[in-house]
1. Once label points are set 7 Å from the Cα along Cα→Cβ at both residue 107 and residue 43, what is their separation, rounded to one decimal in nm?
2. Find how much the distance from residue 84 to residue 96 grows on full extension, using 0.36 nm per residue of separation minus their present alpha carbon separation; answer in nm with one decimal.
3. Taking the simple approach of a point 7 Å from Cα along Cα-to-Cβ for both residue 50 and residue 63, what is their distance in nm?
4. Treating segment 46-122 as a set of equal point scatterers at the Cα positions, no solvent, please give the Debye-formula log₁₀ I(q)/I(0) at q = 0.21, 0.27 Å⁻¹.
5. Among 107, 57, which comes first, second and so on when ranked by fewest other beta-carbon atoms within 10 Å?
Ligand code: HEC
C-alpha cells in the first residue's frame with residue numbers, strides 16, 4: 001500500500017513502522033494519545049483496570065496498567081510491542097486462548113490509539 005495516498009494511510013504507515021521498532025518509539029502522535037485516553041474511558045477498560053490519567057478507571061478486577069511504557073510483557077507472556085498490544089486489545093483470546101480478558105468490540109484503529117496512550121505512560 002502506498003503511504004503517500006492520504007494522510008490516514010501515511011499515519012498508518014507511521015504507526016506500523018514505529019511498531020516495528022519496539023517500545024522506545026511507540027508513543028504515537030499526540031492526537032492519538034489523547035484519542036486513546038478518550039477511547040479507554042468510552043470502552044470502560046477502567047471498570048477492570050486502574051489506568052492513570054483516565055477518569056473513572058479504578059477497577060481492581062485486573063492488573064493496573066500504570067507505567068505501561070516500561071513493561072516487558074503483555075499478560076505475562078507476549079512481548080510488549082505496540083502492534084501486539086493493539087491486537088491484544090481487539091481480540092485477546094486470539095493471542096492467549098482462555099484468557100479472562102474479554103473482547104470489547106474495539107476496532108483496530110481504536111486499539112492503535114489506545115496503544116499510543118498506554119505507551120505514553122512512563
Ligand atoms: C471484565 C474485565 C476487563 C475489562 C473490561 C478489560 N480487561 Fe484488560 N484484562 C482483564 C484481565 C482479567 C486481564 C489479565 C489477562 C491474562 O493475564 O490472561 C487483562 C489484561 C489486560 C492487559 C495486559 C495487562 C498486563 O499486566 O500484562 C492489557 C494491556 C489490557 N487488559 C487492556 C485492556 C483494555 C485496553 C481494555 C478496554 C478495551 C480492557 N483491558 C478491558 C480484564 C479486563
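1. Reported label-point gap for residue 107 and residue 43 is 1.3 nm.
2. Numbers: separation 12, 0.36 × 12 = 4.32 nm, distance 1.15 nm.
Stretched out fully, the residue 84 to residue 96 stretch lengthens by 3.2 nm.
3. If labels sit at residue 50 and residue 63, their model points lie 1.5 nm apart.
4. After summing over all Cα pairs, the log10 values are -1.00, -1.65.
5. Values: 107 11, 57 20.
Going from sparsest to densest Cβ surroundings: 107, 57.
Coordinate-derived values only; no laboratory data. Predicted model, so just to flag it, every value in this text is computed and none were measured. Positions of Cβ are generated from backbone atoms using ideal geometry, with glycine treated the same way; all protein chains shown enter the neighbour counts.
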